[in-house]
Amino acid sequence: MRPSQRYGTEGGDSALSETADRSAERNNRVIREIADRVIPHQAEFAEGLLASIITDMPSVVPDREYRDMLRVSVIENTMVLLDALRANVDPVSISPPPGAVTYARGLARRGVSLADLLRIYRVGQAQFTGICLDVADGLDEANDLRAVKTVIDTVATYLDHVCECITVDFEEERERWIHSRSGLKQHWISRLLAGTVADTAEAQRAIGYPLSGTHLAVDAWIIADRAQVTASVEVLDRFHDLLTTAAARASTVSVHTDEAAMTIWVSLREPERNLIARLKALLDADPLPVQVATGLPGDGVDGFRCSYDQAARVRKLAESARPGPPQILTFADVAPVAMMTGDVAELRYFVGATLGPLSADTERAHELRETLRVYLACNRSPAAASERMMLHRNTVTYRVQQASEELGGTPEGVDQFTVSAALEVCRWYGSSVLCAPP
């Protein structure tokens, strides 16, 4: 080969290399621009994903603590992924963020399936990819399909990698949980609640509790500083002792649902009201920072499960109630409202259509709603309502008059059944069914 030919070839290779470098640089610039445009939408994306998961997969967000844990996991995963896109980092080299690991291990201890956990990531992948494509659509170089494809591939590779790592953490935690004494008990109780136990006798032996009797589920949770885990465990253990005393040494079985909450089943030998009365007296004498919710008594395995579901509904109402509930709240206390659980949007529509301006989420509207609610509950007696609310009778009369005018009528003309139902919904569901202030 002649020197001129050799040099010409090398010059061509150099030109190709420079072209490739410029192409790669432009590709990375477009990817960074896409990531930068997603950043302002991080919070909106996280809340949207959280809302869809709560609606479609309630088992992975059993309570407020797990909702917060999921939010942290979503936010941390989003931040890590955006950083990887901006810095052109190999996603396989990244460890799962701490919040994702904590949430996965928590679900493992709750008996949630691995399939449900991985489904969260698939839903997140679809929604995150969608928002990346949305912001890329407005770029000058959006027609650079190579950059868009790289973004999609990076998102998929990162989530595949995280799912592999999370699966290992989840299965190891599940194995530790099942082989621990409390974990084994909770494993069987989770199966009882899911209706997947074929041999009731085997489950009964495993949890050390008779399943053939009448059961009352009792939820108890800390209402003080949840950060003091050691103190929380001691408080819950003390509550368990008080409940056992109130139950006159009847059989019980309990599981800690997290560091600051537990569920206890009591095998009843007497009317529920007797047990509740004794428990209330014991808590009055030995105040504990706990809130208590109970279901209705139920027979057999179905009753075991049904009473638990009812107690869980009551707990949700207790946590959103305004004003706050009594320390012990039973399903019988709130049965009509508790059975309305499901479609909060439908309840919000009912409240707005029934109460009009009184459905506003303001302090003034709250005062009028609560006064009218108590007034109607007291058979429209201002004297009885003032005594219950510890207000002057004239104050009650004035507020009732104002509330009635907001409803477009007089105190005597209020439709007691419909209005009372709407007011009770407001009382127990709080801001979730109220309208934003005008």
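Please treat every number below as a calculation from the coordinates, not as lab data. Predicted model only: the values in this text are computed from it and were never measured. Here the Cβ positions follow ideal geometry from the backbone for every residue, glycine too, while neighbour counts run over all protein chains shown.
Some notes on this structure:
- Computed over the chain, the range of Cα coordinates on each principal axis works out to 112, 61, 36 Å, biggest value leading.
- Kirkwood-type radius of segment 104-177, with distances r between different C-alpha atoms, in Å: 13.9
- Mean projected area in nm² (Cα convex hull; one quarter of hull surface) for segment 293-438: 8.9
- Per residue, the convex hull volume that the Cα atoms of segment 50-191 enclose (Å³): 104
- For segment 208-335, average projected area of the Cα convex hull in nm²: 7.3
- Label sites at GLN401 and ARG146, each approximated as a point 7 angstrom past Cα along Cα to Cβ, lie 8.0 nm apart.
- Cross-link partners of LYS280 among lysines (Cα-Cα below 23 Å; sequence separation of 8 or more within a chain): LYS316
- Under the span-like rule (Cα at least 27 Å along the axis, Kyte-Doolittle mean at least 0.0), DSSP H helices of the chain: 64-87, 114-136
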